[in-house]
Amino acid sequence: MKTLLLLSLFIIGGCTHSIHMVHTDGFSEPMPNIEHLNIIEARSEQKVVLWFAYDTHYVNRAHEDLLAQCDGNIQAVSTQFSTSHNFLHWTNKILMKGICVQP
């Protein structure tokens, strides 16, 4: 009985995290001089409760935030899609990073 109770508490209160996919792009051009670049980052999340997703534009928001941080050219972009799971709900997360090359 004690083992069943501990197992139930772990299932209800436990959480997991997983990275599903990492995509990279923009590495075809040579890397610029270090004085003309800075690293930019954008994050966004989507809450899902009982399989109902309430915010379906979270990836677009992260992309727009990344673009707004750079007036020049963005190179070497990586996009990471991950999920944090809890009991009957989870959070999808997007993390975008890139190098902003100033003209």
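Scanning the range 31-64 for residues that are free of Cβ contacts under 8 Å to residues at least 24 places away in the same chain and farther than 17 Å from His89 by Cβ turns up Asn33, Ile34, Glu35, His57, Asn60, Arg61, Glu64.
Scanning the range 38-67 for residues that are among the aliphatic types (A, V, I, L, M) and under 17 Å from the mean Cα position of the chain (by Cα) yields Ile39, Ile40, Ala42, Val48, Ala53, Val59, Ala62, Leu66, Leu67. For the range 78-103, a residue qualifies if it is at pLDDT below 90, assigned to a strand (DSSP E or B) and surrounded by fewer than 16 Cβ atoms within 10 Å (Cβ to Cβ), and the qualifying residues are His85, Asn86, His89.
Looking only at residues of the range 1-59 that are modelled with pLDDT under 85 and among the β-branched types (Val, Ile, Thr), we find that the one that is nearest to Ser84 (Cα to Cα) is Thr16. Of the residues examined, His63 is one that is out of contact with any Leu (no Cβ under 8 Å at 6 or more places or on another chain) and part of a helix (DSSP H, G or I).
The values are calculated or read from the model by the stated rules, or taken from the named source; none is laboratory data. All figures in this text were calculated on a predicted structure; none of them were measured in a lab. So basically every Cβ, Gly included, is an ideal-geometry build from the backbone, and we count neighbours across all protein chains shown.
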